[in-house]
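One structure is given below, encoded as structure tokens.
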Amino acid sequence: MPIPDWFFEQTWAGKVRELPYEALTPDEEAIFDRDMGVILEVLRKHDPEIAINVDAARPWFKVACGIFKGHFDLPFGGMETSSGQFGIVYPIPAYPFLAANSWLKTVTAGWNNLFGASGSEIAGNSTTGTRRMYAYQGLLSVAGDPKMSAYHLTVNAYTYPVQSTLVHTKIPKKDTWIRSYPFLKRILVHPTGNHYLRAAFEQEGQVELIPDGIMIAEHDYLKAEGSFYT
């Protein structure tokens, strides 16, 4: 079964248009929907807007899980995996994504390497025991005063045009202090893919920007404490 056409219409994956794919079975879809329901219930209590955005991306995240399944022929176990399965974590943890234990970063006014850099891209992993990939649709700002004014993404060696975020920075939020920066399209970092993200800020200071999406990984990686904090 091929990846649905609409998936790549909603995705920044560089020039990649063909990847291994196996759709989740009906039982696996039920597990996925159950666990996404848990995630959404928590989000609704803190920020209804973010919950709506994540729920809208549910079919896209489900296909991303099918891409991981197609790569490694493992069954899906959701957030309660068993040996030989793979599952999901929301939101993406700082370690291993940043090789750091926190999303807190010090930035300067102007352009900064936010996630990775040219030559030091953040990648998926296809090595048994650490197999993982990332799928996310934007950034969540949970701390810090500097305002992000633009971002610049390179995915699988393809650099996309700079995108302005001023409309998201300047419009006041009524219900929460968490600010959402949705990307123009969602980002797929498949198991053998990579990417890096640069961002421009209005002033120097500390920011805490978290990818709004999921890490998809095999059970052995998800059960290891060192996969999340070191």
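Screening segment 53-106 for residues that are in contact with a helix residue (DSSP H, G or I) (Cβ under 9 Å, 6 or more places away or on another chain) and of a type in the set (Phe, Trp, Tyr) and picking the one that is farthest from Pro4 (Cα to Cα) gives Trp103. Residue pairs whose Cβ atoms lie under 6 Å apart, separated by 6 or more positions or on different chains, with the first residue in segment 215-230 and touching a residue at least 12 places away in the same chain (Cβ under 8 Å) and the second assigned to a strand (DSSP E or B) and surrounded by fewer than 23 Cβ atoms within 10 Å (Cβ to Cβ), are Met215/Val89. Among residues of segment 132-155 that are within 17 Å of Ala51 (Cβ to Cβ) and at pLDDT 95 or above, none has a beta-carbon under 6 Å from a residue that is among the acidic types (Asp, Glu) and in a loop (DSSP other than H, G, I, E, B) at least six positions away or on a different chain.
Would you mind finding the one in Asp35, Asp27 that is exposed (fewer than 15 other Cβ atoms within 10 Å of the Cβ), of a type in the set (Asp, Glu) and in a helix (DSSP H, G or I)? Steps first, please.
Details: Asp35 fails: exposed (fewer than 15 other Cβ atoms within 10 Å of the Cβ).
Result of the check over Asp35, Asp27: Asp27.
Evaluate segment 130-139: report whether one residue or more is within 23 Å of Tyr221 (Cβ to Cβ) and β-branched (Val, Ile, Thr).
So far as segment 130-139 goes, yes, one or more of its residues are within 23 Å of Tyr221 (Cβ to Cβ) and β-branched (Val, Ile, Thr).
Per the listing Leu166, Leu222, the residue uniquely hydrophobic (A, V, I, L, M, F, W, C), surrounded by 21 or more Cβ atoms within 10 Å (Cβ to Cβ) and out of contact with any Phe, Trp or Tyr (no Cβ under 6 Å at 6 or more places or on another chain) is Leu222. Looking at Gly70, is it over 30 Å from Tyr158 (Cα atoms) and not hydrophobic (A, V, I, L, M, F, W, C)? Here the answer is no, as Gly70 does not meet what is asked.
The values are calculated or read from the model by the stated rules, or taken from the named source; none is laboratory data. Computed from a predicted structure; not experimentally measured. Heads up, the Cβs are rebuilt from the backbone with ideal geometry, glycines too, and the neighbour counts pull from every protein chain shown.
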